[in-house]
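We did not get these values from a lab; they are worked out from the coordinates using the rules stated. Nothing here was measured: the structure is a model prediction, and the numbers come from that model. So basically every Cβ, Gly included, is an ideal-geometry build from the backbone, and we count neighbours across all protein chains shown.
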Amino acid sequence: MPDFDDFRALVMGSRSCRRFRQDRPVTMAELTALAELARFCPSAANLQPLKLILASSPETCARIFPALGWAAYLTGWRGPAEGERPTGYVIILHDTELAKNPNCDHGILAQTVCLGAAAMGFSACMIASMDKKALRAAFALPERYELLLVLALGTRGEECVVEDVGEGDNIRYWRDPAGLHHVPKRTLAELVLARYPSSDLPPTTESGISM
């Protein structure tokens, strides 16, 4: 039986990363192993409409990088500099001839790949902000394939800390003068709307939600 504490540590350690170390590249064998994990992800109606492009060569990574948008909250930062860029990518596509829409399949797949990458010792960033026209042209993609997400992968090159944020406080991530990346997260008390610890339902509010 897998250990829950180990899994929790894996989740806590798999924070989005935007600055990497290019001296420890991701290999195609490692990307292929992550794609194998993705193959077994749940899929709505088991239609499995997602397709992947795997990239590990410096030349291909250099074609992908300029089409990506990085960290909208960090105004004035134009993304990782040379030497801090991802060394592997997984591009997630929706094959519109297999399903009308991807439902939530790509979110499940993306998180599975990111956790798998963390287990390998890598970090990742899910990127939905992209120049789809440029990426479509770079890979000569037929119209049937819709670009959904790009997963940027590599060896972590920045430190990240998670901090509780109060209700109504700013949830924007930020960097301090030392370059430490801060990620505010809503507390468990705010996340869990109601709890039912036994078969006896507690009194409900007028909205019908037990508090």
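Compute the angle between helix 28-39 and the longest alpha-carbon principal axis of the chain, please, reported from 0 to 90 degrees and rounded to the nearest 10.
Taking the Cα atoms of the chain, the angle to 28-39 is about 40 degrees.
List, largest first, the extents of the alpha carbons of the chain along their principal axes, each in whole Å.
Principal axes ranked by extent give 61, 48, 37 Å for the Cα atoms.
Can you tell me the mean projection area, over all orientations, of the convex hull of the range 1-107's alpha carbons? Units nm², please.
9.3 nm²
Specify the inter-centroid distance of the range 93-115 and the range 64-88, based on alpha-carbon positions, in whole Å.
Using only Cα atoms, the two centres lie 23 Å from each other.
Mind checking which lysines have their Cα closer than 28 Å to the Cα of Lys100? Skip sequence neighbours fewer than 8 apart in that chain.
In chain and number order, the partners are Lys51, Lys132, Lys133.
Which shape class, rounded, prolate or oblate, goes with the range 95-189 when its Cα gyration tensor gives a ≥ b ≥ c as root eigenvalues, a/c under 1.5 marks rounded, and past that a/b bigger than b/c marks prolate? Walk me through the intermediate numbers first.
On the way: a/c = 2.11, a/b = 1.77, b/c = 1.19.
Taking the square roots of the gyration eigenvalues as a ≥ b ≥ c, the range 95-189 is prolate.
Return the distance in nm (one decimal) between the two label points of a simple spin-label model at Ala44 and Glu159, each offset 7 Å from Cα along Cα→Cβ.
4.2 nm
Have a look at Gly154, Gly107, Gly88 and tell me which one the Gaussian network model of the chain (Cα, springs below 10 Å) gives the largest fluctuation.
Of the options given, Gly107 has the highest mean-square fluctuation.
For the range 110-193, which trypsin sites (Lys or Arg not before Pro) pass both filters: DSSP loop (anything but H, G, I, E, B) and at most 13 other C-beta atoms within 10 Å? Numbers along the way, then the final one.
Values: sites: Lys132, Lys133, Arg136, Arg144, Arg156, Arg172, Arg175, Lys185, Arg186; in loops: Arg144, Arg172.
Passing sites in the range 110-193 are Arg144, Arg172.
On C-alpha positions alone, give me the angle between the axis of helix 4-13 and the longest principal axis of the chain, in degrees, nearest 10.
60 degrees
Under the Karplus relation 6.51 cos²θ - 1.76 cosθ + 1.60, θ = phi - 60°, what is the ordered set of whole-Hz ³J(HN,Hα) values for the range 135-149, x standing for Gly and Pro?
5, 4, 5, 4, 10, 6, 6, x, 5, 5, 9, 9, 6, 10, 8
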